[in-house]
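*Asks:* Here it is, the structure, as structure tokens.
None of the figures in this text is laboratory data; all of them are computed from the coordinates on show. These numbers were taken from a predicted model, which means no experiment stands behind them. Cβ coordinates were reconstructed from backbone atoms using ideal geometry, including for glycine residues, and neighbour counts include every protein chain displayed.
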Amino acid sequence: MPTAATPETTMPGAPSRLAWLDALRGIGALAVVAEHLLPWFLPALRPFWFSLGVYGILVFFLVSGYIIPTSLERHGDVRAFWTSRFFRLYPLYLAVIALVLAASWWVPVREGVPRDGSAVAAHATMLLDVVSVGGVADTMWTLSYEMVFYLLVTALFVIKAHERSGLVSVLFAGASVVVGLVVSGAVLRGGWLAYVSCAVFAAGLACVVGGWFRRTAACVLGLMALALLLLSSRVPWLGAAVVAVMFAGTAIHRWERGRGGLWPVAVTAALVAVAPLWAIESGWWWVEPDVWLTTIALAAATFAGAMALRGRRLPAVLTWLGLISYSLYLVHHPLLKYFVEVTGDLRLSPLPYQLVMAVLALALILGISALAYRYVERPMQTLGRRLSRRGAGVGAQGAGHDGVLDGGLAGAVSSTGDGSGHTA
């Protein structure tokens, strides 16, 4: 059996042992699109007994937690890890930002984006939601928690505390309950947060990648990420709960490898389940107890079911959707806005017309997502792997074989939006 530290080897014609993770991202990608497509195109079909958006968040963050620390440990080199992450995330991210800004004469940039330099600083770090700045594309807010997780994992790795994922997941889950009870929103506010965090982020990552005071820089970045998560997130208890879920994913991976138990995962799940029940900042329909608990149960069942099927051949459409899922995540919401701008409000249209328009919109989204993957994502990932190997030398052997391991949540993320462009 291949270990987490070595590239996977698969017999010709056999299914990839990690294809189940791509299939999970494919399922999540469908949830992402449905979360935003249904309210605009087929509102009568939107479910309210669970939240498609939160379901996607939980599934994708479990995947990130399961994979990202393993990718770092397998690289064994934070420089290679961050080089790979940069070329995985930023090229398409910047391309979508450029698209939205270029089309702003037609569809204005959302009001949640400040019209000053703080928006530039926040987008530069991806720490949008934890400095209370809206992203130019509605779904970008979830990347904030992915970036926070990367910074925390890097700090834990350099101080050799990364094996304590279960304990960390429980601590964050407990923090989500406590923060929800005492905090009604971001404690720290203002554009200065975006500027300061950008400066620290740039200087810290330069040191981490360049090897100057690497341990100190990684710890400073981790502490900054923790402070922003708990003190300046739009919904602090939700941010802590999301990070808890990611570390629970890591704990599952440790358990699978015989390096830990499942009890931290169970405790984390229980604490996350109760976190919004008494939170001061709540009231949205998706945190009503029946909806919230059902959503958590469905996400857990989806992850467990896919894990039980690992090693088996899975539907090609799901693994393909997982492959293009990061493009799908970033481009689908702007494209839906442009599509509706052309067709007009479809919510009161006859059902047959709604169905036709929904199919056309979905085809457009999938086609452009596939093109974005082919001509933006894949070439940049290849360049990133080449630079990672060059920078790390022999120590980075195998870094070019990330495959599914290089996906994480960045493959696709969902939104807790209400379908109108507003997110929690």
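*Asks:* Check each of the chymotrypsin sites (Phe, Trp or Tyr not before Pro) in the range 162-229 and keep only those in coil by DSSP with at most 14 other C-beta atoms within 10 angstrom; list them in order. List each step's numbers first, then the result.
*Replies:* Working: sites: 172, 192, 195, 201, 212, 213; in loops: 212, 213.
Listed in order of number, the matching sites are 212, 213.
*Asks:* Of the peptides 32-40, 19-27, 299-307, how do they stack up when ordered by the mean number of other Cβ atoms within 10 Å, highest first?
*Replies:* Working: 32-40: 23.6, 19-27: 26.3, 299-307: 17.3.
My ranking of the peptides, most packed first, is 19-27, 32-40, 299-307.
*Asks:* Apply the Karplus curve 6.51 cos²θ - 1.76 cosθ + 1.60, θ = phi - 60°, to the phi angles in the range 72-83 and return the couplings in whole Hz, x for Gly and Pro.
*Replies:* Values per residue, Gly and Pro as x: 5, 5, 6, 4, x, 8, 5, 5, 4, 4, 6, 4 Hz.
*Asks:* For the range 190-285, count all C-alpha to C-alpha pairs, find those more than 18 Å apart, and express that count as a whole percent of the total. Before the final figure, lay out the partial values.
*Replies:* Values: 2808 of 4560 pairs.
Of the Cα pairs, 62 percent sit more than 18 Å apart.
*Asks:* What percent of all Cα-Cα pairs in the range 97-143 falls in each 10 Å bin, counting up from 0?
*Replies:* That works out to 30, 58, 11, in percent per bin.
*Asks:* From the gyration tensor of the Cα coordinates in the range 322-391, what semi-axes in whole Å does the equivalent ellipsoid have, largest first, with each one equal to sqrt(5λ)?
*Replies:* Numbers: eigenvalues 246, 19, 11 Å².
Value: 35, 10, 8 Å, ordered largest first.
*Asks:* Ranking request for peptides 259-267, 345-353: highest mean number of other beta-carbon atoms within 10 Å first, then the rest in descending order.
*Replies:* Working: 259-267: 17.0, 345-353: 11.3.
The densest-packed peptide leads the list: 259-267, 345-353.
*Asks:* Something else: Can you run phi through the Karplus equation (6.51, -1.76, 1.60; θ = phi - 60°) for the range 111-124 and list ³J(HN,Hα) in whole Hz, with x for Gly and Pro?
*Replies:* 5, x, 8, x, 9, 8, x, 5, 5, 5, 5, 5, 5, 5
*Asks:* Suppose a student asked you for the relative contact order of the range 19-411, using Cα pairs under 8 Å spaced at least 6 residues apart; what percent would you report?
*Replies:* Details: 601 pairs, mean separation 138.0, N = 393.
About 35 percent, as a whole number.
*Asks:* Let me ask another. If you build the Cα gyration tensor of the range 19-411 and take the root of 5 times each eigenvalue, what three semi-axes come out, in whole angstrom, biggest first? Please report the intermediate quantities before stating the final value.
*Replies:* On the way: eigenvalues 178, 118, 108 Å².
In descending order, the three semi-axes are 30, 24, 23 Å.
*Asks:* Further question on the same structure: By average Cβ neighbour count within 10 Å, what is the ranking of 81-87, 184-190 from highest down? Could you put the intermediate results ahead of the total?
*Replies:* Values: 81-87: 22.6, 184-190: 14.0.
Sorting 81-87, 184-190 by mean packing, highest first, produces 81-87, 184-190.
*Asks:* Separate question: If you take the Cα atoms of the range 43-179, find Rg, then find the Kirkwood Rh from the mean of 1/r over all pairs, what is Rg/Rh? Let's see the in-between values first.
*Replies:* Numbers: Rg = 17.3 Å, Rh = 17.2 Å.
Answer for the range 43-179: 1.01.
*Asks:* Could you point to the residue in 167, 96, 190 farthest towards the positive end of the range 82-190's charge dipole, with +1 and -1 charges on the Cβ of Lys/Arg and Asp/Glu respectively?
*Replies:* Positive-end residue among those listed: 167.
*Asks:* Between residue 189 and residue 363, what is 0.36 nm times their sequence separation minus the Cα-Cα distance? Round to one decimal in nm. Intermediate results must be reported in sequence, preceding the final value.
*Replies:* Values: separation 174, 0.36 × 174 = 62.64 nm, distance 4.07 nm.
Computed gain between residue 189 and residue 363 is 58.6 nm.
*Asks:* Measure off 7 Å from each Cα along the Cα-to-Cβ vector at residue 106 and residue 206, then give the distance between these two points in nanometres to one decimal.
*Replies:* With each label point 7 Å from Cα toward Cβ, the separation is 3.9 nm.
*Asks:* Another one. Would you kindly give the portion of the calculated P(r) for the range 271-344 that falls above 20 Å, as a percent of all Cα pairs? Don't jump to the answer; show the numbers that get you there.
*Replies:* Values: 1640 of 2701 pairs.
So the pairs more than 20 Å apart make up 61 percent of the total in the range 271-344.
*Asks:* Across the range 186-196, in residue order, what do the Karplus-derived ³J(HN,Hα) couplings come to in whole Hz, using 6.51 cos²θ - 1.76 cosθ + 1.60 with θ = phi - 60° and x for Gly and Pro?
*Replies:* 4, 6, 9, 9, x, x, 4, 4, 5, 5, 5
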